[in-house]
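Notes to accompany the following structure.
The values are calculated or read from the model by the stated rules, or taken from the named source; none is laboratory data. Keep in mind that what you see is a predicted model, and the values were worked out from it rather than measured. In this analysis, Cβ positions are derived from the backbone assuming ideal geometry, glycine residues included, and neighbour counts consider all displayed protein chains.
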Amino acid sequence: MTRPRFHLAFPVNDLEAARSFYAGLMGCSEGRSSNNWIDFNMFGHQVVAHLAPEECAPAQTGHVDGKQVPVRHFGVILEWDEWQTLAHRFRNAGTEFVIEPYVRFAGESGEQGTFFVRDPAGNALEFKSFRNDDQVFAR
């Protein structure tokens, strides 16, 4: 392992829909699974969809950069080309974006591409990419 990996467990209301989204659309390989959960390899990180329909509810939004951003969300920071490829994959599949792909802070410290989508259970995911990796925590 060359970098720390994170583990995230989240609720879904339909395991087959989660499998179609994460493995099918996103291309995450599947790890262990049961009748109640599925492990996915999301760009080297372990995310686990747990069947818990009662936990699935739309996230509240907050105002960020002129947009209504789902407050509860997760995702990964990708290389620029990977970020663009994933955005095209979602667009070509007809995925509805919560926030369309765009570049924040263009030409400034922390310049980044970002977009938001929801999985079939309503979980919000953000995918980002920074022009310069050393700007991830820039002020």
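Filter region 89-99 for residues that are touching a residue at least 40 places away in the same chain (Cβ under 8 Å) and among the hydrophobic types (A, V, I, L, M, F, W, C); which is surrounded by the fewest Cβ atoms within 10 Å (Cβ to Cβ)? The extreme case among them is Ala93. The lone criterion from (1) over 16 Å from the mean Cα position of the chain (by Cα); (2) touching a residue at least 12 places away in the same chain (Cβ under 8 Å); (3) over 30 Å from Phe105 (Cα atoms); (4) not in a strand (DSSP E or B) left unmet by Arg19 is number (1). Candidates Leu51, Leu25: the one that is of a type outside the set (Asp, Glu) and touching a helix residue (DSSP H, G or I) at 6+ places or on another chain (Cβ under 6 Å) is Leu51.
Filtering Arg19, Arg32 for residues that are surrounded by fewer than 18 Cβ atoms within 10 Å (Cβ to Cβ) and at negative phi leaves a single hit, Arg32. Please determine, by comparing only the residues of region 69-99 that are small (Gly, Ala, Ser) and in contact with a strand residue (DSSP E or B) (Cβ under 7 Å, 6 or more places away or on another chain), which one is modelled with the lowest pLDDT. Result: Gly75.
Taking region 73-88, which residues are of a type in the set (A, V, I, L, M) and either more than 17 Å from Asp134 (Cα to Cα) or surrounded by fewer than 16 Cβ atoms within 10 Å (Cβ to Cβ) (or both)? Correct list: Leu86, Ala87.
Scanning region 35-72 for residues that are polar (S, T, N, Q), farther than 25 Å from Gly94 by Cα and surrounded by 15 or more Cβ atoms within 10 Å (Cβ to Cβ) yields one hit, Gln46.
Residues of region 104-113 include none that is modelled with pLDDT of 95 or more and closer than 15 Å to Phe10 by Cβ.
Taking Asp65, is it touching a Lys or Arg at 6+ places or on another chain (Cβ under 8 Å) and modelled with pLDDT of 95 or more? No; evaluated as a whole, the condition is false for this residue. Here Tyr102 passes the criteria (1) in contact with a strand residue (DSSP E or B) (Cβ under 9 Å, 6 or more places away or on another chain); (2) in contact (Cβ under 8 Å) with a residue 24 or more places away in the chain; (3) closer than 20 Å to Gly66 by Cα except the one numbered (2). Residues of region 6-24 include at least one that is out of contact with any Cys (no Cβ under 6 Å at 6 or more places or on another chain) and either modelled with pLDDT under 95 or within 13 Å of Phe115 (Cβ to Cβ) (or both). Among residues of region 106-125 that are touching a residue at least 60 places away in the same chain (Cβ under 8 Å) and of a type in the set (A, V, I, L, M), those with a Cβ under 6 angstrom from a residue that is assigned to a strand (DSSP E or B) and surrounded by fewer than 18 Cβ atoms within 10 Å (Cβ to Cβ), sequence gap 6+ or separate chain, pair up as Ala124/His73.
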